[in-house]
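Structure, as structure tokens:
The values are calculated or read from the model by the stated rules, or taken from the named source; none is laboratory data. Please read these numbers as outputs of a predicted model, since none were measured by experiment. Ideal geometry is used to build each Cβ from the backbone, glycine not excepted, and the neighbour counts take in all protein chains shown.
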Amino acid sequence: MPRLNHVIESQQFTLPLIHEVFQVADQMEKILDRGGTLDYQNKIMASLFYAPSTRTRFSFESAMYRLGGKVITTEQAHMFSSVIGGETLEDTIRVVSNFADVIVLRHTEIGAAKRASLVSKVPIINAGDGKGGQHPTQALLDLYTIYKELGYIDGLKVAFVGDLEQGRTVRSLAYLLGKFERVMLYFIAPDFLQIKEDIQDYLTRHNVWFTLENDLNKVISEVDVVYVTRIEKERFGDKIELYEKTVKNYFIDKDMLQKLKQRAIIMHPLPRLNEISIEVDDDPRAVYFKQTRNGLLVRMALLTMVL
Ligand code: CP
């Protein structure tokens, strides 16, 4: 099995490594069907979350238990007595890396996982760093979902919709998709929520076709994947009308579904607020809850690869 050390950002994953993750995730599905394994019973995972999470924390913890391992955890690391007292992230990591074999870290600051990896004695897995940072394990489970649902990635047309400026899942997935042949990426958002220039520069340097677009209606019938992200109300302050107009313009409902290809899929990293109508949930093209199950498999795979 290929060995990973830290999981910090999507750019570190080569195409062969991505395919290895997929293969190991397939094996994990078989292990899960048998009720799990005890292979990692001597290993401990620390989940250190400085920001809220449902899916990422629970799926990593479930993954470790399914592998037979043990978990030490805090869901409010910023409330640690030592952190309140001013302990740095680096010192916290130096300490916790004495107690665990792997640390899964979510933090409010961009670059926190990288900083942690520089002082940790054990592998660090980035579970999301800051708004506008990265969420590489989410991107891997998203890509795995696309692969399982559609059977291929080369040549796909993928639309990203919503708050693309701050969306770390979009950033990480765009980096991964950019490694495949002939993919076409459509970033669909109002100008003030558009994808940042660093991603645009990266895609340009790597000859990846992409376009920025305001109008979802113009491209919905062309694409194979619609990847929807949350538009946060807090971003709009007291501009409630602008918020409501923006949500309405990018809302996925039954009317929008009619324009979508029969073989296309609709994804969302969740949590969902007002971006997708619940009437869409029963459509076979809606795969956002399947993504969460695939997250468990991919995170089991990543844990086995770093351990
Ligand atoms: N998709 C995702 O990262 O969800 P959580 O914030 O619940 O972990």
Practice task
Look through 192, 180, 187, 160 and report the one residue that is within 16 Å of the ligand (Cβ to nearest atom) and not small (Gly, Ala, Ser).
Solution key: 160
Exercise for the section: Confirm whether residue 270 is surrounded by 14 or more Cβ atoms within 10 Å (Cβ to Cβ) and at positive phi. Expected result: yes
Practice task
Quick one: residue 98 ticks every box in (1) over 13 Å from the mean Cα position of the chain (by Cα); (2) in a helix (DSSP H, G or I) except a single one, so which number is it?
Solution key: (2)
Completion exercise
Residue count, the stretch 75-125, condition at positive phi and buried (at least 20 other Cβ atoms within 10 Å of the Cβ), comes to 0
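Matching residues to (1) surrounded by fewer than 12 Cβ atoms within 10 Å (Cβ to Cβ); (2) more than 22 Å from the chain's Cα centre (by Cα); (3) within 15 Å of residue 259 (Cβ to Cβ); (4) modelled with pLDDT of 95 or more:
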site	(1), (2), (3), (4)
202	no, no, no, yes
207	yes, yes, no, yes
210	no, no, no, yes
215	yes, yes, yes, yes
219	no, yes, yes, yes
223	no, no, yes, yes
231	no, no, no, no
237	yes, yes, no, no
Problem - Test: residue in the stretch 184-195 that is more than 20 Å from residue 134 (Cα to Cα) and surrounded by 15 or more Cβ atoms within 10 Å (Cβ to Cβ) - result: yes
Problem - Odd one out for residue 150 among (1) of a type outside the set (D, E, K, R); (2) touching a helix residue (DSSP H, G or I) at 6+ places or on another chain (Cβ under 9 Å); (3) away from the ligand (no atom under 16 Å from the Cβ); (4) in the same structural domain as residue 225 (by TED's automatic domain parsing) - result: (2)
Exercise for the section: Can you tell me which residue within the stretch 57-73, out of those that are of a type in the set (S, T, N, Q) and closer than 16 Å to residue 138 by Cα, is farthest from the ligand (Cβ to nearest atom)? Expected result: 62
Completion exercise
Going through (1) at pLDDT 95 or above; (2) not assigned by TED's automatic domain parsing to the domain that holds residue 41 one by one, residue 247 fails only at (1)
Fill in the blank from the handout: Scanning the stretch 28-56 residue by residue, those under 18 Å from residue 292 (Cβ atoms), within 16 Å of the ligand (Cβ to nearest atom) and surrounded by 21 or more Cβ atoms within 10 Å (Cβ to Cβ) turn out to be 47, 49, 56
